[in-house]
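Undergrad: For reference, the structure I am asking about is given below.
Coordinate-derived values only; no laboratory data. Source: prediction; values computed, not measured. With ideal geometry, Cβ positions are generated from the backbone for all residues, glycine too; neighbour counts draw on all protein chains shown.
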Amino acid sequence: MSRLNVAMALVLMVCALAVIQAQHRSRTYFVELERLKKEARVLEEQWGQLQLEQSTWANPARVDTLARSRVGLVAATQERIHVVAEEAETRVATP
């Protein structure tokens, strides 16, 4: 009976250590999960700010104003516009 008690005590200790290890791993994973959630919130906030910034920079009225003031862009007059019409050609592939 003594050997059975020793064997059962060893099994019990191994199980207890396994439970402790599982709890530790669970806590570690939970801390990592919370850290990643926080990082995701920060990245989502940055993404929203970047989208807002992109919409501001790409505003057609702003681009037009900058093109006129900084680059000196002006609208083309009718005399400077030339329309080139392409002729419809049918090509036959020759071997």
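Undergrad: Using +1 at the C-beta of Lys and Arg and -1 at the C-beta of Asp and Glu, which of Leu33, Trp57, Met13 has the Cα lying farthest in the positive direction of the dipole of the chain?
TA: Met13
Undergrad: Based only on Cα atoms, what Rg/Rh ratio does the chain have, Rh being taken as Kirkwood's radius?
TA: Using Cα coordinates only, the ratio equals 1.63.
Undergrad: Moving to a separate point now. With springs only between Cα atoms under 10 Å, which of Thr56, Thr65, Thr77 fluctuates most in a Gaussian network model of the chain?
TA: Of Thr56, Thr65, Thr77, the most mobile in the Gaussian network model is Thr77.
Undergrad: For Ile20, Ile81, which order do you get if you count the other beta carbons within 10 Å of each Cβ and list the fewest first?
TA: Starting with the residue having the fewest Cβ neighbours, the order is Ile81, Ile20.
Undergrad: Here's another thing I want to ask about it. Taking only Cα atoms, what is the 0 to 90° angle, nearest 10, from helix 2-57's long axis to the longest principal axis of the chain?
TA: Between the helix axis and the principal axis of the chain, the angle is about 20 degrees.
Undergrad: Using Cα-only point scatterers and the Debye equation, what is log10 of I(q)/I(0) for segment 12-55 at each q in 0.24 Å⁻¹, rounded to two decimals?
TA: Log10 I(q)/I(0), no solvent term: -0.78.
Undergrad: Where is the GNM fluctuation largest for the chain (alpha-carbon springs, 10 angstrom cutoff): Val42, Val11, Val63?
TA: Val11
Undergrad: Shifting gears a bit: Given a 10 angstrom Cα cut-off, can you work out which residue in Ala85, Ala75, Ala22 is the most mobile in a GNM of the chain?
TA: Ala85
Undergrad: About its Cα centre, what dipole magnitude does the chain give when the only charges are +1 on Lys and Arg Cβ and -1 on Asp and Glu Cβ, stated in debye to the nearest 20?
TA: 800 debye
Undergrad: According to a simple spin-label model (label point 7 Å from Cα along Cα-to-Cβ), what is the distance in nm between Val19 and Ala67?
TA: It works out to 7.3 nm between the two label points.
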